[in-house]
1. Name the one entry in B:Asn12, B:Asn96 that is surrounded by 14 or more Cβ atoms within 10 Å (Cβ to Cβ) and touching a Lys or Arg at 6+ places or on another chain (Cβ under 9 Å).
2. So which residues in the stretch B:215-253 are within 12 Å of chain A (Cβ to nearest Cβ), of a type in the set (A, V, I, L, M) and touching a residue at least 12 places away in the same chain (Cβ under 8 Å)?
3. From the list B:Val123, B:Val182, exactly one residue is among the hydrophobic types (A, V, I, L, M, F, W, C) and at pLDDT below 95. Which is it?
4. Out of all the residues in the stretch A:215-241, which are among the polar types (S, T, N, Q) and farther than 23 Å from A:Arg327 by Cα?
5. For the stretch A:249-267, state whether one or more residues are closer than 16 Å to A:Ala145 by Cα and crowded, with 23+ Cβ neighbours inside 10 Å.
6. Just one of B:Thr172, B:Thr139 is surrounded by fewer than 21 Cβ atoms within 10 Å (Cβ to Cβ) and farther than 30 Å from A:Ala290 by Cβ; which is it?
7. Considering only residues of the stretch B:34-60 that are polar (S, T, N, Q) and either assigned to a loop (DSSP other than H, G, I, E, B) or in contact (Cβ under 8 Å) with a residue 40 or more places away in the chain (or both), which is nearest to the other protein chains (Cβ to nearest Cβ)?
8. Got a number for residues in the stretch A:68-110 being aliphatic (A, V, I, L, M) and closer than 14 Å to A:Ala57 by Cβ?
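The values are calculated or read from the model by the stated rules, or taken from the named source; none is laboratory data. Model, not experiment: these values are computed from the prediction. In this analysis, Cβ positions are derived from the backbone assuming ideal geometry, glycine residues included, and neighbour counts consider all displayed protein chains.
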Amino acid sequence: MQANDGVTAPGMIQEQRARRDARDDRLFGWLLKLCALLVLAALLGAAGATLWGGREAFGHFGLGFLASSAWDPGSDTYGALVPVYGTLVTSAIALLIAVPVSFGVAVYLSEVAPRWLRTPVASAIELLAGIPSIIYGMWGLFVFAPFFADHIKPWLTNYLGDKPDDGKLSWVAAHVPFVGKLFGSDSPFGASVLAAGIVLAVMIIPFISSVMREVFQTVPTRLKESAYALGSSTWEVVWDIVLPYTRSAVIGGIFLGLGRALGETMAVTFVLGNAMQLSPSLLDPGASIASTIANQFSEAAGMQKSALMALAFLLFVVTFIVLLIARLMLRRLAHKEGR
Amino acid sequence: MSALYLRRRIANWVALALSGLATLLGLAFLVWILWETLRQGIAALDLKLFTKITAYGEDGGLANAMVGSLIIDFIGIAIATPIGVLAGTWLAEYANRTRLGEAIRFLNDILLSAPSIVLGLFVYTIVVLPITSLTSGNTTFSGFAGGVALALIALPVIVRTTDEMLRLVPSTLREAALSLGVPQWKLTCQILVRAARSGIITGVLLALARISGETAPLLFTAFGNNYMTLNPLDKMASLPQVIYQYANDPGDAMHALAWAGAFVVTMFVLLLSLASRFVLSRNKVSHE
């Protein structure tokens, strides 16, 4: 009897403990899962809240909301064309500048620079990514926009635009279609679509270049060495070996930068001029989705507020798709590596 | 030297020179931006910045904005840290290589670069509007709502670093603990999180650096306030929001104050990222 008790009592305690541990483990697992699902909830919620907030505007204007360039609180008619156009054009300019520069930075830091220089320069460039966007905005407004107005803009309007100061049309403006319109402007200020695109480019260069640099370093050394052994130059190795090997991740990095540029608010708001007008000129002020929301939302009511929410929904959907492509592209290289 | 060889050499030389120029261009912009912030910021530094509130306008300081920023950032980090650490733990320990886990890890990376202004509007809808109707308009915008908006921005940063740091913990540590009969929750809380502690702290510091410069989501959540307040249910000023407001003001004295604020924010952010690097590098040494 006694011996029997001695066996069952600890056994029961153990069983109880095992059961308690199993229960605690389950509860703990559920708690963790709940927290992880909050990430999902945040994304769905942001899409849902802006769609719900914009339902009046979507319902009232229908598909015409996308095609209309009207933005008139007086008559309460709103269209998304001007801010959507501004967002797309500033981001496109930013990419046109940032992609080649970032590629150059990544090539220099992974293939050209002496080893002792690589880490400090890379950290310095990454420092640029850590500067808050409001600082870019202030620099853009007080330093870059005046510089742009004094030095870059007159040159562009005189040599490329169709409204030069001295009235004499340059050869380019007279002979190449569209260029004159792109660079013709009467506005004397620096704030413009092009200036905003340049500030955005400076902002996204560190993002794109650090992704590119990271993926360039994943290229197997034996691949590069084989190419060098066949007599390739450094540039040929970069262009014919490194770039094809990392193509999908490089495109992913570019889309990541594009996602940033599309949704950036502060840096753009300061430099874009916030004019709700559709102008073909890159030197005229414009508006982007984010800058329109930042400028108008706190004073908006009724249909205007709904239209701003609808704009936010459009922005969210577009950036979501861009970032989705970016992550899928980046993942393809990761799979290749894991194989 | 054949013509082809010469052409290849020239192409190589030009391309590499251009890559060096691109790097110089990037560095030039960094120096330009930092130099202007330092020059104009230091010129405007003054003791009244820290003692007077924004209600005095040109003769005032930024004291209420600094206090407001600290409170809002603290609320944001206090909400995001527990949720982010738990969610990151779930990704690394429970759902690694499951379909739902992979999906959430993927979506977290998207949330990481989602436009902050849209997250601000989301918080406006789920926090500011309900509070307004609950208190029948007595409370509208609040520092708390601003904190929630910043928490949404900090969350993915913390989730990601926690996830990555926990996956770096050697699995022998897990196997050793499990073989002793330690339940999984105890293993996670007492062993794994401790092993990855400095990595997780790095993530929190990075998240703090990220949110302390955020402006856009605060415009429609914390709104701004010209007076000092410690009550998180009041409208609250924050440094980035005051900088935004002052930079748009036509007065030069206001611009100087905005530069001073920009200088303070930049220094804070740079110090935080330095600190996070320091924490991480110390951890690496201790593992070796």
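1. Numbers: B:Asn12 fails: touching a Lys or Arg at 6+ places or on another chain (Cβ under 9 Å).
Criteria check complete, one pass: B:Asn96.
2. Passing the criteria: B:Ala216, B:Leu218, B:Leu219, B:Ala222, B:Leu239, B:Val242, B:Ile243.
3. Numbers: B:Val123 fails: at pLDDT below 95.
Matching residue, one of B:Val123, B:Val182: B:Val182.
4. Of all residues in the stretch A:215-241, those among the polar types (S, T, N, Q) come to A:217-218, A:221, A:226, A:232-234.
Listed by number, the residues that qualify are A:Thr221, A:Ser226, A:Ser232, A:Ser233, A:Thr234.
5. To start, the set of residues in the stretch A:249-267 that are closer than 16 Å to A:Ala145 by Cα comprises A:266-267.
Of the ones still in play, those that are also crowded, with 23+ Cβ neighbours inside 10 Å are A:266-267.
Yes: one or more hits.
6. B:Thr172
7. B:Thr37
8. Here is the first cut: in the stretch A:68-110, the residues aliphatic (A, V, I, L, M) are A:70, A:80-82, A:84, A:88-89, A:92-99, A:101, A:105-107, A:109.
Next cut, closer than 14 Å to A:Ala57 by Cβ only: A:70, A:80-81, A:84.
Total meeting the criteria: 4.
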